[in-house]
Each structure stands twice: as structure tokens, then as C-alpha cells.
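This report concerns only the one structure given below.
The values are calculated or read from the model by the stated rules, or taken from the named source; none is laboratory data. Model, not experiment: these values are computed from the prediction. For neighbour counting, all protein chains shown are included, and Cβ atoms are generated from backbone atoms with ideal geometry for every residue, glycine included.
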Amino acid sequence: MKSILLIEDDPFLIDIYSTKLKELSFNVSVANNGDEVFEKLEEEEIELFILDIVLPNLDGWTILKKIKEIERFENIPVVILSNLGQRTDVEKGLKLGATKYLIKAHYTPSMVVEEIKKVLKKDE
């Protein structure tokens with residue numbers, strides 16, 4: 001069972017994505033803000049991050065940079081799932097080490113789950 005850390009602060013989206021991923025037998029934990037992310041990293045073995053950019057405390061850019069600086073997580077895929085859809089945002093995310101950048105408005109939850117499955121399959 002793959003372990004996914006969903007880093008999102010919108011309770012509605014947390015519910016949707018957690019439910020969809022758990023239905024596919026993924027183990028999903030949630031961090032609502034930047035501080036929680038690093039607490040979870042101490043407790044859990046993560047195989048994929050789903051990262052929003054606009055978050056309380058630390059933004060997703062800072063979280064992504066910090067994750068990629070931790071040796072045991074530097075090769076773990078990060079899928080950015082954000083409303084920030086400017087080309088500069090997408091380029092920044094990929095340059096910082098994200099595996100994929102999904103703009104929330106362009107993907108249904110089912111499509112997001114399909115993209116996550118593809119990323120995990122590539123990683124096997």
C-alpha cells in the first residue's frame with residue numbers, strides 16, 4: 001500500500017481526495033499547513049506528496065524546497081495541485097523538483113487520481 005501525504009488546507013478538497021485515494025487502497029495522511037508537514041515526515045514513510053502552494057504558515061514553494069533538501073525524500077515524487085496556474089508558477093514548481101504540476105481548475109478529482117497513479121507507476 002502506497003503512502004501519500006496530502007498537503008492541503010481546504011477541508012472540502014481534503015475530503016474528496018482522501019476518499020478517492022483511500023478507495024484505491026492508498027494510505028493517505030493529511031497536513032493542513034507547513035508545520036504539520038514536517039511533523040508527519042518524522043512519523044511516517046511517505047512515497048508521494050500532493051502539495052498545494054497557497055497554505056498557512058509556510059507556502060508550498062518553501063515546503064517543496066525543504067522536502068528536496070532532506071536526503072531520504074529528495075527522490076520522492078511531488079505532485080503540485082494548485083490554483084496557481086501561471087506559466088511562471090508551473091515552471092517554478094518543476095524547477096524546484098516537482099514531478100508534475102496540476103492546476104486544480106483543469107482536473108476533476110478523478111483525473112487527479114489518474115495522474116497520481118501514473119506518477120506512482122513510473123516510480124516503481
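Of note:
- Conditions (1) within 19 Å of Lys118 (Cα to Cα); (2) touching a Ser or Thr at 6+ places or on another chain (Cβ under 8 Å); (3) surrounded by fewer than 17 Cβ atoms within 10 Å (Cβ to Cβ); number of the one not met by Ser25: (2)
- Within the range 86-96, the set of residues being without any contact (Cβ under 8 Å) to a residue 24 or more places away in the chain and either exposed (fewer than 12 other Cβ atoms within 10 Å of the Cβ) or not in a helix (DSSP H, G or I) (or both) comprises Gln86, Arg87, Thr88, Glu91, Lys95.
To keep it simple, each residue is scored yes or no on (1) surrounded by 18 or more Cβ atoms within 10 Å (Cβ to Cβ); (2) within 15 Å of Lys2 (Cβ to Cβ).
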residue: Lys20; (1), (2): no, yes
residue: Val54; (1), (2): no, no
residue: Ile63; (1), (2): yes, no
residue: Lys68; (1), (2): no, no
residue: Arg72; (1), (2): no, no
residue: Ala98; (1), (2): yes, no
residue: Glu114; (1), (2): no, yes
residue: Lys118; (1), (2): no, yes
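- Where Lys65 falls short, out of the listed (1) under 19 Å from Thr99 (Cβ atoms); (2) touching a Pro at 6+ places or on another chain (Cβ under 6 Å): (2)
- Any hit, the range 1-18, residues being of a type in the set (Lys, Arg), part of a helix (DSSP H, G or I) and out of contact with any Gly (no Cβ under 6 Å at 6 or more places or on another chain): no
- Qualifying residue in the range 83-91 (condition: closer than 14 Å to Leu5 by Cβ and out of contact with any Ser or Thr (no Cβ under 7 Å at 6 or more places or on another chain)): no
- Flag if Ser25 is modelled with pLDDT under 95 and outside any helix (DSSP H, G or I): yes
- Of the residues making up the range 56-85, those that are within 12 Å of the chain's Cα centre (by Cα) and in a loop (DSSP other than H, G, I, E, B) are Ile76, Pro77.
- If the condition is being surrounded by 15 or more Cβ atoms within 10 Å (Cβ to Cβ) and either more than 15 Å from Ile80 (Cα to Cα) or acidic (Asp, Glu) (or both), then the range 41-51 contributes Leu41, Ile46, Glu47.
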